[in-house]
Amino acid sequence: MPHAKEAELFNNDEAKVNWHDQALWFVRNKRDKAAHTVKGWEELRNLASAIKANVLSNLDDYLIQFEENAQKNGIHIHWAADAEAHNKIIHDILLKNNVKMVVKSKSMLTEECHLNPYLEAHGIEVIDTDLGERIVQLAKEPPSHIVLPAIHKTKEEVDVLFQKHLGTIPSNGDPQYLTNEARKHLRDKFLKADAAITGVNFAIAETGGFVVCTNEGNADMGVHLAKVHIASMGIEKIIPQEKHLGVFLRLLARSATGQPITTYSSHFNKPTEGKEMHIIIVDNGRTEQLGREHFRSSLNCIRCGACMNTCPIYRRSGGHSYKATIPGPIGSILSPGMDLKKHGSLPFASTLCGSCSDVCPVKINIHEQLYQWRQIITKDVKQPIVKKTVLKIAGRVLANSKLYGFFGKSARFMLKHLPKSVINSQTNTWGKARDLPKVENENFEDWYKKRKS
Amino acid sequence: MSRASILNAIKKNKPESVPLPEIDLSLFQEDIDLVDIFSKNLESVGGRIVSSNTIEDLDGEIKKRYPNAKHIVSCSNTSQLATISISNETQPHSLESIDLAIIDAQLGVAENGAVWISENNFIVRALPFIANDLVLILSKNAICLHMHDAYNLISKRDRTFGLFLSGPSKTADIEQCLVIGAQGAMSVTVFIV
């Protein structure tokens with residue numbers, strides 16, 4: 001189903017849409033406040049963007065350097081060309097260690113690879129330990145936001161879910177109570193898990209180390225208790241030197257939630273004695289995206305989610321409407337590269353207002369790339385006949401000033417004189433759920449001419 | 001093999017080399033009261049501050065704030081409150097019921113209220129996460145302006161495991177309501193000495 005249809009479903013519950021819209025806008029405002037308190041914020045963004053550009057242009061060298069340094073420190077490095085290889089490597093490690101239950105902290109890459117169903121099909125229990133991810137896991141849903149996975153759920157829904165799965169008592173959705181119950185529930189899992197899987201926020205070529213950021217402490221609770229730590233990273237997570245973390249950690253949390261830094265920014269360089277640490281370096285379409293000149297900078301993304309929080313479409317259509325692992329503006333330029341047909345409607349889920357590019361901490365020109373994808377998609381993917389015809393007519397009208405003047409006049413006439421029941425009828429998409437503006441008698445050209453004389 | 005195919009694909013598809021930029025620290029220089037800004041930022045992320053002027057007896061001050069703590073681990077020479085001693089042989093699971101951990105922080109970062117602590121400071125990696133409450137002892141002379149300075153200060157360390165920790169564990173995953181105390185420590189108090 002195209003994005004617009006999915007968005008329609010989300011919009012059936014108007015009160016919830018309004019809440020979703022406001023909640024994300026609130027996070028966007030917090031981001032602004034945090035950004036404005038940092039001296040040299042724009043210079044930080046420029047630096048981050050330039051460092052990432054350097055990374056892409058030397059990606060193979062940095063990955064080799066990273067591998068060498070990590071191995072020196074006793075970390076096992078694996079390479080996975082695609083999702084299947086990634087899942088198989090993890091399964092093999094778990095088998096070797098006789099793992100029955102694994103705890104996992106947030107990792108969009110493991111979502112992308114559909115790791116959970118793969119492991120579950122092989123008889124291994126996977127527990128997502130980020131609270132939001134645990135909520136959506138219990139609800140058997142994918143996350144709807146990369147930083148706020150359960151932002152589409154009301155507290156009452158969480159309450160019911162926890163009653164069913166954690167045996168909590170009804171609390172009308174008391175967040176304090178529910179979080180505390182989740183803490184007890186997850187503690188038990190942490191203590192029993194044989195292995196822990198995490199994502200990677202940044203991997204440092206110079207040192208062979210990597211950084212994992214969380215607010216809850218769930219990644220650390222998992223890895224420091226289990227005997228095996230497996231970290232999955234896309235090839236683009238590399239940064240050249242440790243000092244560059246100074247740039248990225250200043251940007252990440254402020255852009256994501258408006259916090260000055262995440263509660264925990266954990267730096268892993270060596271496994272504890274007697275324990276195993278594995279890193280899986282994953283391609284899964286990334287090298288292909290690297291080869292697309294107009295779209296390669298999408299790989300610079302540090303997964304803060306700022307573009308989602310600011311996007312007027314995302315806020316009013318919800319993350320699930322994108323039917324992609326990464327929703328929102330950044331997802332809409334990443335996903336078409338993975339499957340143009342399946343994700344072909346996503347670059348159209350935008351007003352091209354450019355707010356995503358304005359808040360992006362690594363200055364990806366997201367809205368321009370959305371436009372670029374549209375150019376490719378309209379050529380390569382069959383478009384609905386109505387859309388094609390209407391746009392063809394529009395093209396002709398806009399290219400001919402007389403025709404344009406005639407249509408303008410007719411539209412103004414109709415808007416003025418036709419009854420509301422006709423103007424807001426089914427056929428007029430612009431009239432759905434909104435009143436059309438009051439019309440003036442003259443157009444801009446007439447007004448301008450009159451004004452001059 | 002995946003490794004060769006990935007590296008070859010990158011070689012084929014990567015853009016022309018772009019230089020690595022230098023970080024010009026003068027852009028981020030600020031003349032501020034480091035202790036004051038550090039304290040404000042830590043409080044804004046849910047942490048508590050006890051500053052040196054009010055401390056005569058550190059252990060007494062800690063006890064006053066955590067009167068019910070029974071199982072206490074101290075990795076700091078400045079506190080004698082430990083009731084349980086740990087070593088690098090200690091199984092992390094055995095720390096499950098630790099009420100309070102007392103740890104020396106190596107440095108503080110004014111811009112975000114974070115402290116840097118490493119395995120050398122807490123011996124068992126799970127300790128700062130699994131302990132119910134956390135006391136961090138930080139020298140007021142060890143607070144730097146921003147993360148650039150912080151990375152400079154820790155650049156010569158023995159790299160095993162370490163972290164920037166800013167306030168207590170928290171989540172807002174249920175309807176964006178901030179709740180302190182998710183999976184890690186329920187409270188963090190930094191004593192500035």
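The values are calculated or read from the model by the stated rules, or taken from the named source; none is laboratory data. Only a predicted model underlies this, so the values are computations on that prediction, with no experimental measurement involved. Positions of Cβ are generated from backbone atoms using ideal geometry, with glycine treated the same way; all protein chains shown enter the neighbour counts. Ligands, DNA and RNA are excluded from the accessible area calculation, which covers all protein heavy atoms including side chains. Shrake-Rupley method; radii C 1.70, N 1.55, O 1.52, S 1.80 Å.
So what are the ³J(HN,Hα) numbers for the stretch A:119-129, from phi and the Karplus equation (6.51, -1.76, 1.60; θ = phi - 60°), rounded to whole Hz, Gly and Pro as x?
5, 4, 5, 9, x, 10, 7, 10, 10, 6, 10
Whole Å is fine, so just give me how far the alpha carbon centre of the stretch A:130-164 lies from that of the stretch A:387-453.
Each part's Cα centre sits 44 Å from the other's.
Once phi is turned into ³J(HN,Hα) by the Karplus curve 6.51 cos²θ - 1.76 cosθ + 1.60 with θ = phi - 60°, what whole-Hz value does each residue of the stretch A:339-352 show in order, with x for glycine and proline?
7, 4, 5, 5, 9, x, 8, 5, x, 8, 7, 7, 8, 6
Tally Lys and Arg at +1 and Asp and Glu at -1 over the other residues with C-beta under 12 Å from the C-beta of B:LEU145: what net charge comes out?
Its environment carries a net charge of -3.
Would you work out the relative contact order for the stretch A:185-330, in percent, from Cα pairs under 8 angstrom that are 6 or more residues apart?
Value for the stretch A:185-330: 23 percent.
Over both sides of the B-A contact, add up the buried accessible area with a 1.4 Å probe and give it to the nearest 100 Å².
That pair of chains buries around 6800 Å² in total.
First compute the accessible area of chain A with a 1.4 Å probe, then give the percent of it belonging to carbon and sulfur atoms.
55
Round to the nearest 0.05 the FRET efficiency obtained for B:SER44 and A:LYS184 when R0 = 35 Å and r is the Cβ-Cβ distance.
Efficiency, from the Cβ-Cβ distance: 0.80.
With a/c under 1.5 counting as rounded, go ahead and sort the stretch B:32-192 into rounded, prolate or oblate using the C-alpha gyration tensor (a ≥ b ≥ c being the square roots of the eigenvalues; past the cut-off, prolate if a/b is larger than b/c, else oblate).
Verdict is rounded for the stretch B:32-192.
Can you tell me the relative contact order of chain B? Whole percent, Cα pairs under 8 Å, sequence separation 6 or more.
Contact order relative to length: 24 percent.
Determine the percent antiparallel among the DSSP beta bridges restricted to the protein assembly as shown, to the nearest 5.
Within the protein assembly as shown, antiparallel bridges account for around 35 percent of the total.
Among bridges DSSP assigns within chain B, what percent are antiparallel (round to 5)?
30
Rounded to the nearest whole Å², what accessible area per residue is found for the protein assembly as shown with the 1.4 Å probe?
Heavy-atom accessible area per residue stands at 44 Å².
Between B:LEU145 and residues 5 or more places away or on another chain, which pairs have amide H atoms under 5 Å apart, with H built 1.01 Å from N, and which residues are they?
Under 5 Å from the amide H of B:LEU145: B:ALA110.
Pairing the Cα long axis of helix A:328-338 with the longest principal axis of chain A, what angle in degrees results, from 0 to 90 and rounded to the nearest 10?
For helix A:328-338, the angle is close to 80 degrees.
Counting Lys and Arg as +1 and Asp and Glu as -1, each charge on the Cβ, what is the dipole of chain B about the Cα centre in debye, to the nearest 20?
Roughly 760 debye for chain B.
Along Cα→Cβ, 7 Å out, is where each label goes; now give me the distance between the ones at A:ASP446 and B:MET186 in nm to one decimal.
Going by the 7 Å Cα→Cβ label model, 7.2 nm.
Test of understanding: in a Gaussian network model of chain B with alpha carbons linked when under 10 Å, which of B:ARG125, B:ARG157, B:ARG48 would top the mean-square fluctuation ranking?
B:ARG157
Where nothing but the Cβ of Lys and Arg (+1) and of Asp and Glu (-1) is charged, how large is the charge dipole of the protein assembly as shown around its Cα centre, in debye to the nearest 20?
3000
Relative contact order for chain A: what percent, with Cα pairs under 8 Å and sequence separation of 6 or more?
Here the relative contact order equals 20 percent.
Take B:SER76, B:SER51 and sort them by solvent-accessible surface of the protein heavy atoms, 1.4 Å probe, largest at the top.
B:SER51, B:SER76
Can you compute 3J(HN,Hα) from phi for each residue in the stretch A:180-185, using the Karplus curve 6.51 cos²θ - 1.76 cosθ + 1.60 with θ = phi - 60°, rounded to whole Hz and x for Gly and Pro?
Ordered by residue, 3J(HN,Hα) equals 5, 5, 5, 4, 5, 4 Hz.
Accessible area of B:ILE23, 1.4 Å probe, to the nearest 10 Å²?
30
Find the cysteines in chain A that fail to meet the 4.7 Å Cβ criterion with every other cysteine, and list them.
Flagged as lacking a Cys partner: A:CYS113, A:CYS213, A:CYS301, A:CYS304, A:CYS311, A:CYS353, A:CYS360.
How far, in degrees from 0 to 90, does helix B:34-44 lean away from the longest principal axis of the Cα atoms of chain B, to the nearest 10?
For B:34-44 against chain B, the angle is about 80 degrees.
Taking amide H atoms as placed 1.01 Å from N in the peptide plane, list the residues 5 or more away in sequence, or in a different chain, whose amide H sits under 5 Å from that of B:VAL18.
A:SER57
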